[in-house]
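Trainee: Sending over a structure as structure tokens; questions will come in a sec.
Computed from the coordinates by the stated procedures, all read-outs in this text should not be read as laboratory data. Remember, predicted model here, so these are calculated numbers, not experimental data. Please note: Cβ atoms are built from the backbone with ideal geometry, for glycine as well, and neighbour counts cover all protein chains shown.
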Amino acid sequence: MVQGMRTALFKSTGQVPVSRDGEPLTDGQISSAVEDVLAATQFVDIHTHLFAPAFGKLGLWGIDELLTYHYLEAEFFRSLFVENTPVSEATRGVVAVLKAFQLPTDRPDLAEARCFFEAQSIESHVRRVLQMAGVSIVVMTNDPLDPEEAAVWLKGVADHRQYRAALRLDRILCNWSSHWQVLAGQGYRVDERASGKSAAEVRRFLVDWYERMQPVYMAVSLPDTFEYPQETVANRLLKEAVLAACRELDLPLSLMIGVRKRVNPALRLAGDAVGRADLRALENLCREFPANRFLVSVLSRENQHELCVYARKFSNLMPFGCWWFMNNPSIVEEITRERIEMLGTSFIPQHSDARVLEQVIYKWNNTRRTLLSDTYRLLSEDGRGVTRGDIQRDVTRLFRSNAEAWTNLRAPVSGSQAQSS
Ligand code: FIX
Ligand code: ZN
């Protein structure tokens, strides 16, 4: 025992740096080793709005979808590319995708790009794009109350080894008054006040969709005004149906907190904004439900530090991703540095939130360009030799095993989805 500690001491004081595998890297070698390891490691993309090919037109891909992405709508498309230099994260993204396929990036028209994408078959294109992005698995966002999507699931979906489902609950938890009738129409004894057996019936609904989708987690995006505890239908369903079902099915609940929906309705999907949330709601949930795991991403820059502090207080809380308006390289760097300083490697740094398939290429390229090299240079300067093995272990943990350990990703898909992989 004492011997072990001593060796660790030696290791930590760097007097006789003993690397796990391979020699301690010189400061000059560290950044290229980080780059290599990031490039060579296949990531898990824990939150996207992509759909497996079996969902047909629900899955967006190709140049026209890239250019009508709601981020760009909000940046007024035409003035962006031709009359202005495409310097924003979203416009640079489109340029990066064209370059990735060796397509011209300075043409005033889309003819060549359209021709290229029209020639692709989706199955091989998906494989190629995910390989280019260095992503092995993407987690979808699946809404059982979306009539178009639900129809596909009810027909039975052949699973795809690179796509996993996530059971999205916004319509149930954020808009029950408009959607309870759909459940009632499917034979679940629920009512507008979610009284009586409603919570138990919603729980039954969730278990039924668990069987169908084999989701790796359940998820909801919540407004900046979200409060818990508070006597509302939403909170009663959250407590009695959703969190109960998550415990029963051993699934984490993903909370994405801080959106202000439709502040400019004229912009439709592009009309959402951000608000600083009171994260005491999260504090109360983590404390009141220690048997539930919470995967949390917050939209407001001001909430990022609080989330890190809460993650140090609650082992059932896992921060993930730089969500939406946070997904800009300068902010990703700031958030990730803060998380490493406060949480070490016990968080999930990023997700793409891709809505169009090819977006994973530039969103993960941006992430790979932004992270980590400084972390190891500082450790080495402080006297602990850094090896390639250290970097590989940490990168694997940050971009794969934390997500796998916290979600249902390691569980093989079974039932209707198990046929065709
Ligand atoms: O709630 C969410 O999952 C958000 O990511 C989306 O609603 C949002 O529109 C988006 O695409 C962000 O990147
Ligand atoms: Zn999203």
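Trainee: Out of segment 111-171, which chymotrypsin sites (Phe, Trp or Tyr not before Pro) are coil in DSSP terms and have no more than 10 other C-beta atoms within 10 Å?
Mentor: Listed in order of number, the matching sites amount to none.
Trainee: If you stretched the chain out fully between Glu338 and Arg114, how much longer would it get, using 0.36 nm times the residue separation minus the C-alpha to C-alpha distance?
Mentor: Answer, rounded to one decimal: 76.5 nm.
Trainee: Let me ask something else. What translational diffusion coefficient, in µm²/s and rounded to a whole number, does the Stokes-Einstein relation yield for segment 105-186 at 25 °C and a viscosity of 0.890 mPa s, taking the hydrodynamic radius as the Kirkwood radius over Cα pairs?
Mentor: 152 µm²/s
Trainee: Please report, to two decimal places, log10 I(q)/I(0) for the chain at q = 0.06, 0.13 Å⁻¹ as given by the Debye formula with identical point scatterers on the Cα atoms and no solvent.
Mentor: Results for the chain at q = 0.06, 0.13 Å⁻¹ read -0.27, -1.22.
Trainee: On average, how much area does the Cα convex hull of segment 79-125 cover when viewed from any direction, in nm²?
Mentor: If I average the Cα hull's projected area over directions, I get 3.6 nm².
Trainee: Just need the relative contact order of segment 289-367 here, percent rounded to a whole number, with Cα pairs under 8 Å and 6+ apart.
Mentor: Over segment 289-367, the number comes to 29 percent.
Trainee: Now for a different question. Read phi for every residue in segment 164-173 and hand back ³J(HN,Hα) as whole Hz from Karplus 6.51 cos²θ - 1.76 cosθ + 1.60, θ = phi - 60°, with x for Gly and Pro.
Mentor: Each residue's phi maps through the Karplus curve to give 10, 9, 9, 8, 8, 10, 4, 5, 7, 8 Hz.
Trainee: At a threshold of 8 angstrom on Cα-Cα distance, excluding pairs fewer than six apart, so keeping six or more, what relative contact order does the chain reach in percent?
Mentor: 25 percent
Trainee: Throw me the Rg/Rh for segment 126-238, computed over C-alpha atoms with Kirkwood Rh, two decimals.
Mentor: Over the Cα atoms of segment 126-238, Rg/Rh equals 1.03.
Trainee: Over the Cα atoms of segment 261-381, what Rg and Dmax result, in angstrom?
Mentor: According to the Cα coordinates of segment 261-381, Rg and Dmax are 15.7, 53 Å.
Trainee: Can you tell me the relative contact order of segment 208-276? Whole percent, Cα pairs under 8 Å, sequence separation 6 or more.
Mentor: Computed value for segment 208-276: 37 percent relative contact order.
Trainee: Among the GluC sites (Glu not before Pro) in segment 43-117, which ones are in a DSSP loop with at most 13 other Cβ atoms within 10 Å of the Cβ? Mind listing them?
Mentor: Glu83
Trainee: A further question on this structure: How many times 2.2 N^0.38 Å is the alpha carbon radius of gyration of segment 327-421?
Mentor: 1.31
Trainee: What residues have an amide H closer than 5 Å to that of Phe43, excluding those fewer than 5 places away on the same chain, when H is modeled at 1.01 Å from N in the peptide plane?
Mentor: Val135, Ser136
Trainee: Scan segment 66-170 for trypsin sites (Lys or Arg not before Pro) in coil per DSSP, keeping those whose Cβ has at most 16 other Cβ atoms within 10 Å, and list them by number.
Mentor: In loop regions of segment 66-170 (DSSP not H, G, I, E or B), the sparsely surrounded trypsin sites (Lys or Arg not before Pro) are Arg161.
Trainee: Based on Cα coordinates alone, diagonalise the gyration tensor for segment 46-150, multiply each eigenvalue by 5, take square roots, and list the semi-axes in whole Å, largest first.
Mentor: Taking √(5λ) for each Cα gyration eigenvalue gives 25, 17, 13 Å.
Trainee: Given H placed 1.01 Å from N in the peptide plane, which residues other than close sequence neighbours of Ser254 have an amide H under 5 Å from its amide H?
Mentor: Answer set, sorted by chain and number: Met218, Ala219, Val220, Leu295.
Trainee: Can I ask one more? Based on alpha-carbon atoms only, what is the radius of gyration of segment 198-240 relative to the globular estimate 2.2 N^0.38 Å?
Mentor: 1.32
Trainee: Would you please give the residues with an amide H less than 5 Å from that of Val274, counting only those at least 5 places away or on a separate chain, with H modeled from the backbone geometry?
Mentor: HN-HN under 5 Å from Val274: Arg260.
Trainee: Moving on to the next point. For segment 85-102, what does the Karplus curve 6.51 cos²θ - 1.76 cosθ + 1.60, with θ = phi - 60°, yield as ³J(HN,Hα) per residue in whole Hz, taken in order and with x for Gly and Pro?
Mentor: Using θ = phi - 60°, the values come out as 6, x, 9, 5, 4, 6, 6, 4, x, 5, 4, 5, 5, 4, 5, 4, 9, 6 Hz.
Trainee: Sticking to Cα atoms, compute the Rg of segment 227-317 to one decimal and its Dmax as the biggest Cα-Cα distance, whole number, in Å.
Mentor: 14.3, 42
Trainee: For the pair Val207 and Asp382, what calculated FRET efficiency results from E = 1/(1 + (r/R0)^6), where r is the Cβ-Cβ distance and R0 = 45 Å, to the nearest 0.05?
Mentor: 0.35
Trainee: Here's a follow-up. Calculate one ³J(HN,Hα) per residue across segment 120-133 by plugging θ = phi - 60° into the Karplus curve 6.51 cos²θ - 1.76 cosθ + 1.60, and present them in order as whole Hz with x for glycine and proline.
Mentor: Ordered by residue, 3J(HN,Hα) equals 8, 9, 4, 4, 6, 5, 4, 4, 5, 5, 5, 5, 5, 7 Hz.
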